[in-house]
1. For region 46-132, which trypsin sites (Lys or Arg not before Pro) are in a loop by DSSP, counting at most 14 other Cβ atoms within 10 Å?
2. Taking every DSSP beta bridge that has both residues in the chain, what percent is antiparallel when rounded to the nearest 5?
3. Can you find, among Ala303, His66, Ala327, the residue farthest towards the positive end of the dipole of the chain? Put +1 on the C-beta of Lys and Arg, -1 on that of Asp and Glu.
4. Between region 242-262 and region 218-236, how many Å separate their Cα centres?
5. Pop a pseudo-label 7 angstrom from the Cα along the beta-carbon direction at both Glu189 and Ala77 and give the gap in nm to one decimal.
6. Charges at C-beta only: +1 for Lys and Arg, -1 for Asp and Glu. How large is the resulting dipole of region 1-57 about its Cα centre, in Debye rounded to 20?
7. Assuming R0 = 35 Å, what is the FRET efficiency of Arg70 and Lys199, from their Cβ-Cβ distance, to the nearest 0.05?
8. Work out, step by step, the length gained on full extension between Lys240 and Ser88: first 0.36 nm times the residue separation, then minus their alpha carbon distance; give nm to one decimal.
Amino acid sequence: MSCLFYKPTVLVVDDAPFNLQFISWLLREYCHVQIASSGAQALQLVERAIPDLIVLDVLMPEMDGHEVCRRLKLNSATRAVPVLFLSSNAHDQDVCLGLELGASDYLSKPVNPPVLIAKVKAQLRLKATFDMLHSRNMALDQEMVENKRQLQDAQDVTFLALTALASVRDNETGNHLRRTQHYVRALAEELSPVPRFAKELTAQNIELLFKSAPLHDIGKVGIADHILCKPGSLEPTELKIMRDHARLGYQVLVHSEEMLGGAAPFLRIAKEIALCHHEKWDGSGYPNGLMGEAIPISARIMAVADVYDAIVSRRVYKSEMSHATAAEIIYDGAGRHFDPDVVIAFRVQETEFRRIAQEFSDFSPATVSCYPAPA
(Lines give C-alpha, C1' and ligand atoms only; values in the text may rest on other atoms or scores of the structure.)
Protein backbone atom coordinates (compact mmCIF):
# COMPACT_ATOMS: atom_id res chain seq x y z
CA MET A 1 0.00 0.00 0.00
CA SER A 2 2.94 2.34 0.41
CA CYS A 3 3.38 4.95 -2.30
CA LEU A 4 6.32 7.26 -3.02
CA PHE A 5 4.03 10.25 -3.46
CA TYR A 6 0.91 9.54 -1.47
CA LYS A 7 -0.03 7.79 1.73
CA PRO A 8 -3.72 7.44 2.50
CA THR A 9 -5.23 8.80 5.69
CA VAL A 10 -7.03 6.51 8.14
CA LEU A 11 -9.11 7.90 11.00
CA VAL A 12 -9.24 5.59 14.04
CA VAL A 13 -12.15 6.23 16.42
CA ASP A 14 -12.25 4.54 19.85
CA ASP A 15 -12.97 5.73 23.38
CA ALA A 16 -10.16 3.52 24.80
CA PRO A 17 -6.73 5.26 24.70
CA PHE A 18 -4.88 1.93 24.54
CA ASN A 19 -6.81 0.85 21.44
CA LEU A 20 -6.07 4.16 19.73
CA GLN A 21 -2.36 3.84 20.42
CA PHE A 22 -2.15 0.15 19.49
CA ILE A 23 -4.06 0.47 16.20
CA SER A 24 -2.13 3.63 15.28
CA TRP A 25 1.14 1.75 15.85
CA LEU A 26 -0.02 -1.18 13.69
CA LEU A 27 -1.05 1.06 10.77
CA ARG A 28 1.73 3.68 10.85
CA GLU A 29 3.72 1.95 8.08
CA TYR A 30 0.83 1.96 5.63
CA CYS A 31 -0.94 5.30 6.13
CA HIS A 32 -1.21 8.56 7.96
CA VAL A 33 -3.23 7.94 11.12
CA GLN A 34 -5.62 10.38 12.77
CA ILE A 35 -7.30 9.53 16.08
CA ALA A 36 -10.56 10.54 17.74
CA SER A 37 -11.75 9.45 21.17
CA SER A 38 -15.47 10.04 20.54
CA GLY A 39 -18.03 10.01 17.79
CA ALA A 40 -18.53 13.78 18.01
CA GLN A 41 -14.79 14.43 17.70
CA ALA A 42 -14.61 12.07 14.73
CA LEU A 43 -17.35 13.97 12.89
CA GLN A 44 -15.56 17.27 13.57
CA LEU A 45 -12.31 15.91 12.11
CA VAL A 46 -14.09 14.52 9.05
CA GLU A 47 -15.75 17.89 8.47
CA ARG A 48 -12.30 19.54 8.27
CA ALA A 49 -10.63 16.85 6.13
CA ILE A 50 -12.18 13.68 4.70
CA PRO A 51 -10.04 10.56 5.35
CA ASP A 52 -9.64 7.60 3.01
CA LEU A 53 -10.90 5.10 5.61
CA ILE A 54 -12.46 5.17 9.06
CA VAL A 55 -11.80 2.41 11.62
CA LEU A 56 -14.74 2.91 13.96
CA ASP A 57 -15.50 1.42 17.36
CA VAL A 58 -19.15 0.53 17.81
CA LEU A 59 -19.56 0.67 21.59
CA MET A 60 -18.81 4.25 22.64
CA PRO A 61 -20.63 6.51 25.14
CA GLU A 62 -22.89 9.38 24.07
CA MET A 63 -22.65 8.68 20.31
CA ASP A 64 -21.98 5.08 19.32
CA GLY A 65 -20.34 3.92 16.11
CA HIS A 66 -23.65 3.07 14.48
CA GLU A 67 -24.86 6.65 14.84
CA VAL A 68 -21.55 8.02 13.52
CA CYS A 69 -21.81 5.73 10.50
CA ARG A 70 -25.43 6.72 9.92
CA ARG A 71 -24.48 10.42 9.81
CA LEU A 72 -21.52 9.79 7.53
CA LYS A 73 -23.67 7.93 5.02
CA LEU A 74 -26.34 10.64 5.05
CA ASN A 75 -23.75 13.23 4.02
CA SER A 76 -23.02 13.22 0.29
CA ALA A 77 -19.47 14.43 0.95
CA THR A 78 -18.60 11.44 3.18
CA ARG A 79 -20.96 8.76 1.85
CA ALA A 80 -18.21 7.04 -0.15
CA VAL A 81 -15.69 6.83 2.72
CA PRO A 82 -15.37 3.14 3.73
CA VAL A 83 -16.08 2.34 7.39
CA LEU A 84 -14.45 -0.63 9.13
CA PHE A 85 -16.32 -1.41 12.36
CA LEU A 86 -14.59 -2.62 15.53
CA SER A 87 -16.69 -4.34 18.18
CA SER A 88 -16.28 -6.62 21.13
CA ASN A 89 -19.91 -7.60 20.62
CA ALA A 90 -19.75 -8.85 17.04
CA HIS A 91 -22.89 -10.96 17.02
CA ASP A 92 -24.65 -11.63 13.74
CA GLN A 93 -27.39 -9.11 14.48
CA ASP A 94 -24.84 -6.43 15.35
CA VAL A 95 -22.82 -7.14 12.18
CA CYS A 96 -25.94 -7.04 10.01
CA LEU A 97 -26.98 -3.68 11.45
CA GLY A 98 -23.56 -2.21 10.72
CA LEU A 99 -23.57 -3.48 7.14
CA GLU A 100 -27.10 -2.18 6.59
CA LEU A 101 -25.91 1.24 7.75
CA GLY A 102 -23.24 1.17 5.05
CA ALA A 103 -20.16 -0.24 6.76
CA SER A 104 -17.70 -1.99 4.46
CA ASP A 105 -16.48 -4.64 6.90
CA TYR A 106 -16.39 -5.75 10.53
CA LEU A 107 -13.58 -6.68 12.97
CA SER A 108 -13.92 -8.25 16.37
CA LYS A 109 -12.10 -7.11 19.49
CA PRO A 110 -9.54 -7.84 20.74
CA VAL A 111 -7.82 -6.76 17.56
CA ASN A 112 -5.99 -9.42 15.58
CA PRO A 113 -3.08 -7.41 14.04
CA PRO A 114 -2.62 -9.38 10.77
CA VAL A 115 -6.37 -9.42 10.13
CA LEU A 116 -6.68 -5.69 10.89
CA ILE A 117 -3.78 -4.81 8.57
CA ALA A 118 -5.10 -7.08 5.79
CA LYS A 119 -8.61 -5.61 5.95
CA VAL A 120 -7.36 -2.03 6.12
CA LYS A 121 -5.10 -2.59 3.10
CA ALA A 122 -7.94 -4.23 1.18
CA GLN A 123 -10.33 -1.34 1.92
CA LEU A 124 -7.73 1.25 0.96
CA ARG A 125 -7.10 -0.52 -2.34
CA LEU A 126 -10.83 -0.51 -3.04
CA LYS A 127 -11.05 3.16 -2.09
CA ALA A 128 -8.12 4.04 -4.37
CA THR A 129 -9.81 2.17 -7.25
CA PHE A 130 -13.10 3.91 -6.55
CA ASP A 131 -11.41 7.32 -6.49
CA MET A 132 -9.61 6.59 -9.75
CA LEU A 133 -12.82 5.50 -11.47
CA HIS A 134 -14.68 8.49 -10.05
CA SER A 135 -12.01 10.86 -11.38
CA ARG A 136 -12.12 9.20 -14.78
CA ASN A 137 -15.91 9.39 -14.87
CA MET A 138 -15.78 13.07 -13.95
CA ALA A 139 -13.22 13.67 -16.69
CA LEU A 140 -15.37 11.77 -19.19
CA ASP A 141 -18.46 13.72 -18.09
CA GLN A 142 -16.57 16.97 -18.56
CA GLU A 143 -15.35 15.81 -21.95
CA MET A 144 -18.91 14.92 -22.95
CA VAL A 145 -20.11 18.35 -21.81
CA GLU A 146 -17.34 20.01 -23.82
CA ASN A 147 -18.04 17.87 -26.88
CA LYS A 148 -21.75 18.65 -26.60
CA ARG A 149 -20.94 22.36 -26.31
CA GLN A 150 -18.70 22.20 -29.37
CA LEU A 151 -21.37 20.31 -31.31
CA GLN A 152 -23.98 22.87 -30.28
CA ASP A 153 -21.64 25.68 -31.32
CA ALA A 154 -21.13 24.02 -34.71
CA GLN A 155 -24.90 23.65 -35.16
CA ASP A 156 -25.48 27.28 -34.19
CA VAL A 157 -22.82 28.45 -36.64
CA THR A 158 -24.52 26.40 -39.36
CA PHE A 159 -27.90 27.96 -38.57
CA LEU A 160 -26.39 31.45 -38.50
CA ALA A 161 -24.64 30.92 -41.83
CA LEU A 162 -27.78 29.57 -43.48
CA THR A 163 -29.89 32.34 -41.98
CA ALA A 164 -27.44 34.90 -43.36
CA LEU A 165 -27.85 33.23 -46.76
CA ALA A 166 -31.64 33.39 -46.46
CA SER A 167 -31.43 37.07 -45.49
CA VAL A 168 -29.56 37.93 -48.69
CA ARG A 169 -32.86 37.96 -50.58
CA ASP A 170 -34.89 39.40 -47.71
CA ASN A 171 -35.04 43.17 -48.13
CA GLU A 172 -36.96 43.69 -44.93
CA THR A 173 -35.29 44.77 -41.71
CA GLY A 174 -34.76 41.15 -40.81
CA ASN A 175 -37.53 41.42 -38.25
CA HIS A 176 -39.76 39.21 -40.40
CA LEU A 177 -37.40 36.33 -39.62
CA ARG A 178 -37.29 37.21 -35.94
CA ARG A 179 -41.06 37.51 -35.70
CA THR A 180 -41.69 34.15 -37.33
CA GLN A 181 -39.18 32.55 -34.96
CA HIS A 182 -41.14 33.75 -31.95
CA TYR A 183 -44.52 32.95 -33.50
CA VAL A 184 -43.55 29.32 -34.09
CA ARG A 185 -42.14 28.98 -30.59
CA ALA A 186 -45.38 30.31 -29.07
CA LEU A 187 -47.48 27.87 -31.12
CA ALA A 188 -45.18 24.90 -30.47
CA GLU A 189 -45.12 25.48 -26.71
CA GLU A 190 -48.91 25.76 -26.67
CA LEU A 191 -49.28 22.49 -28.61
CA SER A 192 -46.56 20.50 -26.82
CA PRO A 193 -48.79 19.24 -23.94
CA VAL A 194 -51.35 17.87 -26.43
CA PRO A 195 -50.81 14.07 -26.57
CA ARG A 196 -50.77 13.83 -30.38
CA PHE A 197 -48.01 16.45 -30.54
CA ALA A 198 -46.03 15.64 -27.39
CA LYS A 199 -43.65 13.15 -29.00
CA GLU A 200 -42.56 15.56 -31.74
CA LEU A 201 -42.75 18.87 -29.87
CA THR A 202 -40.13 18.16 -27.22
CA ALA A 203 -38.16 21.03 -25.68
CA GLN A 204 -35.19 20.13 -27.89
CA ASN A 205 -37.29 20.07 -31.07
CA ILE A 206 -39.01 23.33 -30.19
CA GLU A 207 -35.57 24.94 -29.89
CA LEU A 208 -34.61 23.49 -33.28
CA LEU A 209 -37.88 24.78 -34.74
CA PHE A 210 -37.10 28.24 -33.37
CA LYS A 211 -33.63 28.17 -34.96
CA SER A 212 -34.95 26.70 -38.21
CA ALA A 213 -37.81 29.16 -38.74
CA PRO A 214 -35.69 31.79 -40.54
CA LEU A 215 -34.84 29.19 -43.18
CA HIS A 216 -38.42 28.68 -44.37
CA ASP A 217 -37.85 30.83 -47.49
CA ILE A 218 -34.18 30.04 -48.04
CA GLY A 219 -35.07 28.69 -51.49
CA LYS A 220 -35.74 32.24 -52.67
CA VAL A 221 -31.98 32.63 -53.12
CA GLY A 222 -32.56 30.74 -56.38
CA ILE A 223 -35.39 32.93 -57.69
CA ALA A 224 -34.52 35.62 -60.24
CA ASP A 225 -34.85 39.24 -59.14
CA HIS A 226 -37.36 40.17 -61.83
CA ILE A 227 -39.76 37.60 -60.31
CA LEU A 228 -38.83 37.91 -56.65
CA CYS A 229 -39.06 41.71 -56.63
CA LYS A 230 -41.94 42.19 -59.03
CA PRO A 231 -44.33 44.71 -57.42
CA GLY A 232 -47.48 43.45 -59.13
CA SER A 233 -49.17 40.11 -59.60
CA LEU A 234 -47.14 37.28 -61.06
CA GLU A 235 -47.91 35.73 -64.43
CA PRO A 236 -48.75 31.99 -64.37
CA THR A 237 -45.24 31.03 -65.56
CA GLU A 238 -43.69 33.38 -63.00
CA LEU A 239 -45.90 31.97 -60.28
CA LYS A 240 -44.79 28.45 -61.17
CA ILE A 241 -41.16 29.51 -60.89
CA MET A 242 -41.85 31.34 -57.63
CA ARG A 243 -43.47 28.28 -56.08
CA ASP A 244 -40.38 26.27 -56.89
CA HIS A 245 -38.58 28.06 -54.03
CA ALA A 246 -39.90 25.36 -51.65
CA ARG A 247 -38.02 22.62 -53.50
CA LEU A 248 -34.99 24.85 -53.97
CA GLY A 249 -34.87 25.54 -50.22
CA TYR A 250 -35.03 21.85 -49.45
CA GLN A 251 -32.23 21.18 -51.93
CA VAL A 252 -30.06 23.93 -50.42
CA LEU A 253 -30.38 22.27 -47.01
CA VAL A 254 -29.69 18.79 -48.39
CA HIS A 255 -26.59 20.18 -50.08
CA SER A 256 -25.58 21.77 -46.78
CA GLU A 257 -25.85 18.36 -45.13
CA GLU A 258 -23.63 16.85 -47.78
CA MET A 259 -21.04 19.56 -47.16
CA LEU A 260 -21.20 18.71 -43.43
CA GLY A 261 -20.37 15.10 -44.27
CA GLY A 262 -23.76 13.40 -44.33
CA ALA A 263 -27.22 13.51 -42.80
CA ALA A 264 -27.41 16.19 -40.10
CA PRO A 265 -30.35 15.41 -37.77
CA PHE A 266 -30.43 18.98 -36.49
CA LEU A 267 -31.41 20.15 -40.00
CA ARG A 268 -34.41 17.79 -40.24
CA ILE A 269 -36.91 20.41 -39.08
CA ALA A 270 -35.35 23.07 -41.29
CA LYS A 271 -35.82 20.80 -44.32
CA GLU A 272 -39.44 20.10 -43.33
CA ILE A 273 -40.44 23.74 -43.08
CA ALA A 274 -38.52 24.79 -46.21
CA LEU A 275 -40.24 22.12 -48.30
CA CYS A 276 -43.69 21.92 -46.73
CA HIS A 277 -44.74 25.24 -45.17
CA HIS A 278 -46.86 26.05 -48.27
CA GLU A 279 -48.73 22.74 -48.08
CA LYS A 280 -52.37 23.06 -46.99
CA TRP A 281 -54.43 20.91 -44.67
CA ASP A 282 -56.95 20.08 -47.44
CA GLY A 283 -54.21 19.02 -49.90
CA SER A 284 -54.41 22.09 -52.16
CA GLY A 285 -50.98 23.43 -51.31
CA TYR A 286 -47.57 22.95 -52.92
CA PRO A 287 -45.11 21.55 -53.89
CA ASN A 288 -46.37 18.00 -53.21
CA GLY A 289 -50.08 18.44 -52.44
CA LEU A 290 -49.70 16.85 -49.00
CA MET A 291 -52.85 16.59 -46.91
CA GLY A 292 -53.59 16.62 -43.18
CA GLU A 293 -51.09 14.94 -40.90
CA ALA A 294 -48.94 13.94 -43.86
CA ILE A 295 -47.67 17.52 -43.55
CA PRO A 296 -44.99 17.67 -40.83
CA ILE A 297 -46.20 19.47 -37.70
CA SER A 298 -43.25 21.87 -37.97
CA ALA A 299 -44.50 22.99 -41.40
CA ARG A 300 -48.11 23.25 -40.19
CA ILE A 301 -46.96 25.57 -37.41
CA MET A 302 -44.79 27.56 -39.81
CA ALA A 303 -47.73 28.00 -42.19
CA VAL A 304 -49.78 29.86 -39.57
CA ALA A 305 -46.81 31.96 -38.45
CA ASP A 306 -45.82 32.89 -42.01
CA VAL A 307 -49.33 33.79 -43.19
CA TYR A 308 -50.02 35.85 -40.06
CA ASP A 309 -46.83 37.84 -40.54
CA ALA A 310 -47.48 38.35 -44.25
CA ILE A 311 -50.89 39.85 -43.43
CA VAL A 312 -49.87 42.21 -40.61
CA SER A 313 -46.66 43.42 -42.32
CA ARG A 314 -46.32 46.13 -44.96
CA ARG A 315 -44.98 44.96 -48.33
CA VAL A 316 -44.31 46.78 -51.59
CA TYR A 317 -47.47 45.30 -53.06
CA LYS A 318 -49.75 46.02 -50.06
CA SER A 319 -50.24 47.90 -46.83
CA GLU A 320 -50.18 46.18 -43.48
CA MET A 321 -53.50 44.86 -42.20
CA SER A 322 -54.76 44.67 -38.64
CA HIS A 323 -54.27 41.83 -36.21
CA ALA A 324 -58.04 41.29 -36.20
CA THR A 325 -58.07 40.85 -39.98
CA ALA A 326 -55.18 38.38 -39.82
CA ALA A 327 -56.88 36.45 -37.03
CA GLU A 328 -60.13 36.18 -39.00
CA ILE A 329 -58.28 34.91 -42.08
CA ILE A 330 -56.53 32.26 -39.99
CA TYR A 331 -59.77 31.23 -38.26
CA ASP A 332 -61.47 30.94 -41.63
CA GLY A 333 -58.63 28.75 -42.92
CA ALA A 334 -58.96 26.14 -40.17
CA GLY A 335 -59.55 22.75 -41.74
CA ARG A 336 -58.75 24.05 -45.23
CA HIS A 337 -55.44 25.89 -45.20
CA PHE A 338 -54.41 25.17 -41.62
CA ASP A 339 -54.40 22.31 -39.13
CA PRO A 340 -57.43 23.06 -36.88
CA ASP A 341 -55.42 22.28 -33.75
CA VAL A 342 -52.74 24.80 -34.73
CA VAL A 343 -55.47 27.39 -35.23
CA ILE A 344 -56.77 26.63 -31.72
CA ALA A 345 -53.25 27.19 -30.42
CA PHE A 346 -53.17 30.49 -32.32
CA ARG A 347 -56.42 31.56 -30.64
CA VAL A 348 -54.87 30.93 -27.23
CA GLN A 349 -51.65 32.74 -28.18
CA GLU A 350 -53.24 35.73 -29.97
CA THR A 351 -52.09 38.19 -27.33
CA GLU A 352 -48.55 36.86 -27.61
CA PHE A 353 -48.65 37.16 -31.42
CA ARG A 354 -49.76 40.78 -31.12
CA ARG A 355 -46.96 41.47 -28.62
CA ILE A 356 -44.32 39.85 -30.87
CA ALA A 357 -45.55 41.82 -33.89
CA GLN A 358 -45.24 45.07 -31.92
CA GLU A 359 -41.87 44.25 -30.35
CA PHE A 360 -40.24 43.37 -33.68
CA SER A 361 -42.20 45.73 -35.91
CA ASP A 362 -40.81 47.33 -39.08
CA PHE A 363 -40.88 51.12 -39.03
CA SER A 364 -39.12 52.28 -42.18
CA PRO A 365 -41.04 52.08 -45.50
CA ALA A 366 -37.67 51.71 -47.25
CA THR A 367 -37.23 48.35 -45.57
CA VAL A 368 -40.43 46.81 -46.90
CA SER A 369 -39.87 43.47 -48.65
CA CYS A 370 -39.96 43.17 -52.42
CA TYR A 371 -41.49 39.70 -52.15
CA PRO A 372 -44.62 39.16 -54.20
CA ALA A 373 -47.81 38.31 -52.37
CA PRO A 374 -47.84 34.75 -50.99
CA ALA A 375 -49.41 32.37 -53.48
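The values are calculated or read from the model by the stated rules, or taken from the named source; none is laboratory data. Just so we're clear, the structure is a prediction, and the values are computed from it rather than from any experiment. Here the Cβ is made from the backbone with ideal geometry for all residues, glycine too, and neighbour counts use every protein chain on show. SASA here: full protein model, heavy atoms, side chains in, ligands and nucleic acids out. Shrake-Rupley method; radii C 1.70, N 1.55, O 1.52, S 1.80 Å.
1. Answer in residue order: Arg79.
2. 5
3. Of the options given, the answer is Ala303.
4. Here the two parts' Cα centres lie 19 Å apart.
5. So the label points at Glu189 and Ala77 sit 3.8 nm apart.
6. That gives region 1-57 a dipole magnitude of about 200 debye.
7. 0.20
8. That works out to 45.3 nm of additional length.
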